[in-house]
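A short worksheet on the structure shown next.
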């Protein structure tokens with residue numbers, strides 16, 4: 001009976017340690033909520049939506065994209081990915097979704113949004129970050145990488161190049 005109690009106590013200690021680790025991990029590595037903002041006037045013909053999560057890396061990528069297009073005649077709206085269920089992609093020429101691969105899958109709001117609007121897939125640019133840097137949704141031509149702050153300008157350039165192609169094609 002004593003052996004059973006020892007095994008049970010060890011098992012409970014491991015479970016408690018695991019849950020404490022999960023709480024610590026969630027507290028240290030969870031994404032912040034992004035405060036929404038707009039740049040330029042909604043009367044512009046070209047409209048860009050950026051749905052993102054809050055982190056130093058994602059904030060730097062987002063601000064790089066915004067800085068590139070803010071002097072152009074492009075209306076830019078930045079929102080948190082949690083608002084994707086309220087977004088109508090038909091209102092935008094292009095969309096950028098920046099998210100972290102969480103628990104071996106994309107955030108549910110991202111996956112649901114992309115699955116809900118497959119006909120708009122060609123005007124959505126997705127940046128997926130993960131620890132390994134290669135995870136992405138199946139069937140999506142996503143840019144993937146690790147959240148290394150020094151690499152943010154490289155991702156900005158890649159996203160801007162894709163957005164330029166999409167925005168130019170909207171002029172014709």
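The values are calculated or read from the model by the stated rules, or taken from the named source; none is laboratory data. Everything quoted here is computed from the prediction, not taken from an experiment. Every residue, glycine among them, receives a Cβ derived from its backbone with ideal geometry; neighbour counts consider all protein chains shown.
Tabulated data for the structure shown
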{"read-out": "Residue identified as under 15 Å from residue 80 (Cα atoms) and either touching a strand residue (DSSP E or B) at 6+ places or on another chain (Cβ under 9 Å) or surrounded by 10 or more Cβ atoms within 10 Å (Cβ to Cβ) (or both) among 60, 46", "value": "60"}
{"read-out": "Residue within segment 61-80 that is at pLDDT below 85 and over 21 Å from residue 134 (Cα atoms) present", "value": "no"}
{"read-out": "Checking residue 85 against (1) more than 20 Å from residue 59 (Cα to Cα); (2) under 15 Å from the mean Cα position of the chain (by Cα); (3) surrounded by 19 or more Cβ atoms within 10 Å (Cβ to Cβ), the condition it does not meet", "value": "(3)"}
{"read-out": "Odd one out for residue 99 among (1) surrounded by 19 or more Cβ atoms within 10 Å (Cβ to Cβ); (2) modelled with pLDDT of 95 or more", "value": "(2)"}
{"read-out": "Residue in segment 104-122 that is on the phi > 0 side of the Ramachandran plot, at pLDDT below 95 and surrounded by fewer than 18 Cβ atoms within 10 Å (Cβ to Cβ) present", "value": "yes"}
{"read-out": "Strands (runs of 3 or more DSSP E) lying entirely in segment 7-105 (those with 1 or more residues that are closer than 29 Å to residue 166 by Cα, touching a helix residue (DSSP H, G or I) at 6+ places or on another chain (Cβ under 8 Å) and without any contact (Cβ under 8 Å) to a residue 40 or more places away in the chain)", "value": "37-39, 74-80"}
{"read-out": "Among (1) loosely packed, with under 12 Cβ neighbours inside 10 Å; (2) modelled with pLDDT under 75; (3) in contact with a helix residue (DSSP H, G or I) (Cβ under 9 Å, 6 or more places away or on another chain) - the single one residue 170 does not satisfy", "value": "(1)"}
{"read-out": "Which listed residue is assigned to a helix (DSSP H, G or I) and more than 17 Å from residue 52 (Cα to Cα), from 168, 114", "value": "168"}
{"read-out": "Positions within segment 118-141 being farther than 20 Å from residue 62 by Cβ and outside any loop (DSSP other than H, G, I, E, B), in sequence order", "value": "118, 119, 120, 121, 122"}
